[in-house]
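These notes are about the structure you will find just below.
The values are calculated or read from the model by the stated rules, or taken from the named source; none is laboratory data. None of the values given here were measured: they were computed from a predicted structure. We place every Cβ from the backbone using ideal geometry, glycine too, and count neighbours over all the protein chains shown.
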Amino acid sequence: MLGGMKSDLFDQTNMRRQSQERFSPQNEQMLRVGLGPDVLATKGSMVAYMGQVQFHHEKSGGVGKLAKKLVTSEDVSLMRVSGEGEVYFAAEAGYVFLMQLENEGISLNFRNLLAFDESLTWDINRTKGAGIATGGLFNTTVGGTGTVAVTSVGKPTVFDCSQQPIYVDPQSAVMWSANLAPSVQNSMNMKSMMRGGSGEAIQYVFHGPGFVVVQAFEWTPLSTGAK
């Protein structure tokens, strides 16, 4: 109860949580980051902050990555967050999950990337077999040692890809093991095309030691030529 006002909103579970951890969940759908070293986050993901905090556009960090951004649909727009205090991040009310990387990496759909330690590196990669006919499929890789926060729109499901191939809609794939290189399957046939198609023509195919995380939502495909 604040100022004598009564409401379930002021239940203790909704009040700001304090933590000594640098990355910690405020709740299932909001991330708290305590600043010290800088953090990189997707633009527009900040929902609140406390303290002396600055936000700056994060450059691509090289001509190669800049060129990839210009010719792919992976619009990797990051901001650098620095200063002293606490910053709260969220995106599309997605569920937040923290990944602790130790000299390893993950591949993911950029729209599921929320924030990560500045010590981690990132890049854009083309999916094997994803040519012009598929509209071009790309993913973002994050690697090194540090923490990365990802979101899932709706509750996710984790699949073990080691036993048999897993076919996933590219717009529902959240992230997967960096050692897995998905191929692309085009299940469209002439009969289906003449009947208007199924809407499920292209799938990622994952098979090998590793995992893929799938969300209960399909992103609207981005057009190529992201800026």
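Quick rundown of the values:
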read-out: Single unsatisfied condition, Ala130 versus (1) surrounded by fewer than 20 Cβ atoms within 10 Å (Cβ to Cβ); (2) modelled with pLDDT under 80; (3) of a type outside the set (Lys, Arg); value: (1)
read-out: Pairs where the first residue, in segment 26-51, is touching a residue at least 60 places away in the same chain (Cβ under 8 Å) and the second is part of a loop (DSSP other than H, G, I, E, B) and crowded, with 20+ Cβ neighbours inside 10 Å, C-beta under 6 Å, 6+ apart; value: Ser45/Ala91
read-out: Test for Arg32: is it of a type outside the set (Val, Ile, Thr) and farther than 16 Å from Ala93 by Cα; value: no
read-out: Tally, over segment 1-55, of residues that are in a loop (DSSP other than H, G, I, E, B) and within 17 Å of Leu113 (Cβ to Cβ); value: 5
read-out: Given (1) at pLDDT below 95; (2) under 30 Å from Phe211 (Cα atoms); (3) assigned to a strand (DSSP E or B), number of the condition Ser73 does not satisfy; value: (3)
